Amino acid sequence: MVYVDYDGWDGHDPDTSWTEAVNRFLAASQDQQHARLTAELDRIVEQLDRRDAIHAEIVDDLEWQINRYTDRLEQLYRSRTGKQDDERAHLKDRIDTFRQRLRDEHRSHWRDRQDLEEERRAIRRELAEIEDTDLSEVL
């Protein structure tokens with residue numbers, strides 16, 4: 001909820017007509033709402049950037065883990081000893097687990113971005129409405 005600063009409204013000035021006072025008041029209110037929405041857009045852009053950076057770190061870590069276990073599994077296959085079947089199965093399970101976590105991370109990141117993008121579109125629509133609104137039409 002946005003609260004308007006009524007102290008800034010000088011409607012009691014005898015040289016100011018009622019219409020002028022209302023127009024100034026509405027213009028100030030519109031400016032405040034525009035500034036609030038612009039700040040909200042900036043916040044969303046920062047959130048998108050921050051979440052992209054976090055996502056990249058998580059993906060790098062998961063891919064590193066997958067590569068590490070894959071390399072170890074390849075080493076076991078090259079050694080061709082039958083005693084390592086349990087370890088191979090364990091490594092395959094770990095690789096599958098990390099691949100699933102990677103898919104989940106991509107999906108989660110996509111949904112998160114979509115939510116923020118939808119919020120950004122809504123704010124842009126509000127800003128466009130404010131910019132298109134002619135205060136003289138209101139009166």
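Taking first residues from the stretch 120-133 that are at positive phi and in contact (Cβ under 8 Å) with a residue 12 or more places away in the chain and partners that are surrounded by 11 or more Cβ atoms within 10 Å (Cβ to Cβ) and acidic (Asp, Glu), no Cβ contact under 7 Å between residues at least 6 apart in sequence or on separate chains turns up. Taking the stretch 20-50 as the range and being within 19 Å of Leu127 (Cα to Cα) and hydrophobic (A, V, I, L, M, F, W, C) as the test, the residues that pass are Phe25, Leu26, Ala27, Ala28, Ala35, Leu37, Ala39, Leu41, Ile44, Val45.
Could you tell me whether the stretch 69-91 includes any residue that is assigned to a helix (DSSP H, G or I), closer than 30 Å to Leu41 by Cβ and of a type outside the set (Lys, Arg)? Before the answer, list the steps.
Within the stretch 69-91, the subset assigned to a helix (DSSP H, G or I) is 69-79, 82-91.
Filter once more, so that each one left must be closer than 30 Å to Leu41 by Cβ: none.
No, the stretch 69-91 contains no residue that is assigned to a helix (DSSP H, G or I), closer than 30 Å to Leu41 by Cβ and of a type outside the set (Lys, Arg).
With Thr81, Thr70, Thr97 as the choices, which residue is of a type in the set (Ser, Thr, Tyr) and loosely packed, with under 11 Cβ neighbours inside 10 Å? Even if it seems obvious, please write down each step before you answer.
On the way: Thr70 fails: loosely packed, with under 11 Cβ neighbours inside 10 Å; Thr97 fails: loosely packed, with under 11 Cβ neighbours inside 10 Å.
Sole residue among the options that is of a type in the set (Ser, Thr, Tyr) and loosely packed, with under 11 Cβ neighbours inside 10 Å: Thr81.
Throughout, read-outs are computed from the coordinates displayed, never taken from laboratory work. Everything numeric in this text was worked out from a predicted model, so none of it was measured. For neighbour counting, all protein chains shown are included, and Cβ atoms are generated from backbone atoms with ideal geometry for every residue, glycine included.
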